[in-house]
Each structure stands twice: as structure tokens, then as C-alpha cells.
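I'd like to ask you about the structure that follows.
The values are calculated or read from the model by the stated rules, or taken from the named source; none is laboratory data. Here the structure is a predicted model, which means the values were calculated and not measured. Cβ: placed from backbone, ideal geometry, glycine included. Neighbour counts: every protein chain shown. Side chains are part of the model used for accessible areas, which takes the heavy atoms of the whole protein and leaves out ligands, DNA and RNA. Shrake-Rupley method; radii C 1.70, N 1.55, O 1.52, S 1.80 Å.
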Amino acid sequence: MEEEEIWNQKKQTLIEEVAEKLINGDLDTKIQAARDIWKLVRKSSVKTRSKFATAGVIQALVLMLVSSNLDAREASLLALLNLAARNERNKVKIVTSGAIPPLVELLKFQNSSLRELATAAILTLSTAAPNKPTIAASGAAPLLVQILNSGSLQGRVDAVTALHNLSTCMENPTQVLNARAVPPLINLLKECKKYSKFAEKTTALLEILSKSEEGQNAISSLEGGILTLVETIEDGSIVSMEHAGLLRLTVEGTPEAQVRARTLLDLLRDSPPENRLTSSVLERIVYDIAARVDGADKASETAKRLLQDMVHRSMELSMSRIQHRAASFSSSCCCRQLDPNLAVGMHRINSEVDVIGWYFWALVRCDKQ
């Protein structure tokens, strides 16, 4: 216990010494102190990050972001990134200390290294909810869209994720996105793995853009745009499939399908994942589709056929998920868990995600008839 106290005291003394050099040293001393913070914090605990913040280093590092010396800017960026990692309080303090305007200026730099460090910083800071409105109002979004066109792969990934974070804080997300984002987003969707988290964020941004007529026109007129969405439907994760599939309907479906797809996209975005839809609600949804397609007199028969197909597809997807995510389980074991009985199958299609996914499938099927 005594040895631990001695070590903690030494660490506290080191923190205070580095902070003193950063705050009161000349430029070269400040740059070295910032680099020392980056190294010391890189593999340290959240508690150590908080101690550096308490020592006053955040304000000093933010001031270095506007230095005419590029080494000073780079050193302060790296130190701030590490201080913000896994520490919400530090993220908020960095923003309230005035970091966003100089970071936005760095997004305009021709120096690709500084520009992409600034992108990573915007991304990290945008994960803290209190920071999102400040960043969204800063003018960062159009600059992040530019990085989608010209940045490195990591820079584009960071820009997409930052834009996605910012879009979730706005009542009208189109305030941070415009149709100019469509071509690079579609290109990124072409290049990435369709079942990745990155694809989910990209399709979610395209869904936001599809709310405007300008965005819809950009998606439908871009060469390969609709094809890319179709490929995402076929190969993507559940979330990507739903966003891409419903997005496709809002762009090129019939008017009725567009309205229903838009309603489902709103439901996907606003409802908590723990909400459930009962079998009776699902039956009413499918009956409504069947009545619109085949008329009320044949609706019951059509609805029953659709439900049977949905159960069959749900079982196939469940099997695929289990095999993909739990390779240690044998396929025979998985098969025993999936009862082919319709009632049991109906019970399995009880999560909101599954219901919306199959509702989309039925919409597409009916829209083609």
C-alpha cells in the first residue's frame, strides 16, 4: 500500500511538472510538453487523463491549436485526442475551452496530416452529446463532406462517422448534410463491406439525404446509385438492409410505397430497440398490404401466404446469423432450436427490427406487382 502511494505521488509530481512546462514554457518547451502528455496519456487510465485536465493542460493545448507553428498544432492535436479518449468530461471541457473553431480551420488545411487529425478530433468530440450542437453549428459538416471526396480511407471513415454523430442531434439533419454528399457516400458504400458498421452509418446518412427532393434526385440519377442500394439489401447487415431497402423505395417506388417506406424509416430512427410488435400487429400490417394488392376478398389468403413466406425467411436469416456469429455451435443444434411451425415462427418474428425488415420485403414484393 505504501509503495502504491509513493508511485501515485511520483505520478502526480510528473503531471504537475509537465503541466507547468506546457503553460509557462517557451514554444519549444510547450511542444515537447504536449508530446510528453500524448505519450504519458496514451496507455494510461481515465483517472490520469482527469488529473492532467485538473492541472490545466486542456486550455493551454487549445491555445496551441491556433499557433503559426505547425509542429505546435500537431503536438497539441495528438495530446487532446488522447486526453479525450474514453473521458466524457474531458471531451466536453475541450469544446467549452474553445477547440471547435480552430479545429474547423484545420479542416480547411492543405496539410493532409493536420486535416485528418482534426477530422479524428471532431469525430472523438462529437461522441459526447453536449458537444453535438456546438459542432453542428460550427460549419464543420461541409468540410467533412469535402474529406469524403479527397481524404485517405481513414479520413473518410472518420468523416462519415462524425457526420452520422452530428445528424443524430438535429431535428432537421439536412441542416448538416446536402445533396453534394451523395456521390462520395454512394462511392464509399460501393467500396466497403456491406455488412459493416461503416455501411450502416453510410446508408443512414443517405436515408437522411433522401428526405429532400434534391437528395432523391441525386441518388436516383447517380450512375450505380440504385444498384449499390440493391447490393446493400442483398449483402448488408440487418440495419443496412432496412435503411438501404426502404431508401430505395423512397427514391424509386410507387407513391404509396414511398409513403409507407418513409413511415418505416421514421419508426426505425425514433423507436427504442427494446420495443416489440406483437403477432397481431404484424398480421394487421400484412393484411393491409394484401388487401391493397389483391382486394379485400382475397386478402386473408394472400396475407397467410405472405406470413408463411416471412416466417420461412426469418428462419433462414436466424440460421445464417447463428452460424455467422457463433461458429462454435453446430448447425444441427441450431436447427433443433428453430421450430418450423408457423405459430412458433410468428413468435420469433417479434423484434421491431425483424418486423420492419419483413414489412419492407412485403412492400417491395407488392410494389412490383
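Would you mention how many residues in the range 179-218 are without any contact (Cβ under 8 Å) to a residue 24 or more places away in the chain and touching an Asp or Glu at 6+ places or on another chain (Cβ under 9 Å)?
1
Can you pull out every residue in the range 108-137 that is more than 20 Å from the chain's Cα centre (by Cα) and open to solvent by less than 70 Å² (accessible area, probe 1.4 Å)?
Answer for the range 108-137, where residues must be more than 20 Å from the chain's Cα centre (by Cα) and open to solvent by less than 70 Å² (accessible area, probe 1.4 Å): F109, N111, S112, S113, L114, R115.
Please tell me if R42 is under 27 Å from the mean Cα position of the chain (by Cα) and modelled with pLDDT under 95.
yes
Each row is one residue, and each column tells you yes or no for (1) in a helix (DSSP H, G or I); (2) within 17 Å of T202 (Cα to Cα).
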site: S113; (1), (2): yes, no
site: A118; (1), (2): yes, no
site: L123; (1), (2): yes, yes
site: K132; (1), (2): yes, no
site: I135; (1), (2): yes, no
site: S138; (1), (2): no, no
site: P142; (1), (2): yes, yes
site: Q146; (1), (2): yes, yes
site: G155; (1), (2): yes, yes
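Restricting to the range 194-208, name every residue that is touching a Gly at 6+ places or on another chain (Cβ under 9 Å), surrounded by fewer than 24 Cβ atoms within 10 Å (Cβ to Cβ) and over 11 Å from H164 (Cα atoms).
Scanning the range 194-208 gives K194, Y195, S196.
Here's something else I'd like to know. Which one is farthest from T96 (Cα to Cα) among residues in the range 159-174 that are under 14 Å from the mean Cα position of the chain (by Cα) and of a type in the set (A, V, I, L, M)?
Of everything passing the filter in the range 159-174, V160 is farthest from T96 (Cα to Cα).
Would you check which residues across the range 54-99 are of a type in the set (V, I, T), assigned to a helix (DSSP H, G or I) and either open to solvent by less than 50 Å² (accessible area, probe 1.4 Å) or more than 21 Å from T13 (Cα to Cα) (or both) and list them?
Result: V57, I58, V62, V92, I94, V95, T96.
Sticking with this one: Just one of the numbered conditions (1) in contact with a Gly (Cβ under 9 Å, 6 or more places away or on another chain); (2) surrounded by fewer than 20 Cβ atoms within 10 Å (Cβ to Cβ) is not true of A181; which one?
With (1) in contact with a Gly (Cβ under 9 Å, 6 or more places away or on another chain); (2) surrounded by fewer than 20 Cβ atoms within 10 Å (Cβ to Cβ) applied to A181, the lone miss is (2).
Being over 16 Å from the mean Cα position of the chain (by Cα) and either farther than 24 Å from E74 by Cβ or not aliphatic (A, V, I, L, M) (or both) narrows it down to one of R156, R180, so name that one.
Just one listed residue meets the conditions, R180.
Being touching a Lys or Arg at 6+ places or on another chain (Cβ under 9 Å), open to solvent by less than 60 Å² (accessible area, probe 1.4 Å) and among the aliphatic types (A, V, I, L, M) is the filter here, so list the residues in the range 10-47 that pass it.
Scanning the range 10-47 gives I15, L22, A33, V41.
If I filter the range 143-154 for residues that are open to solvent by less than 20 Å² (accessible area, probe 1.4 Å) and hydroxyl-bearing (S, T, Y), do I get at least one hit?
no
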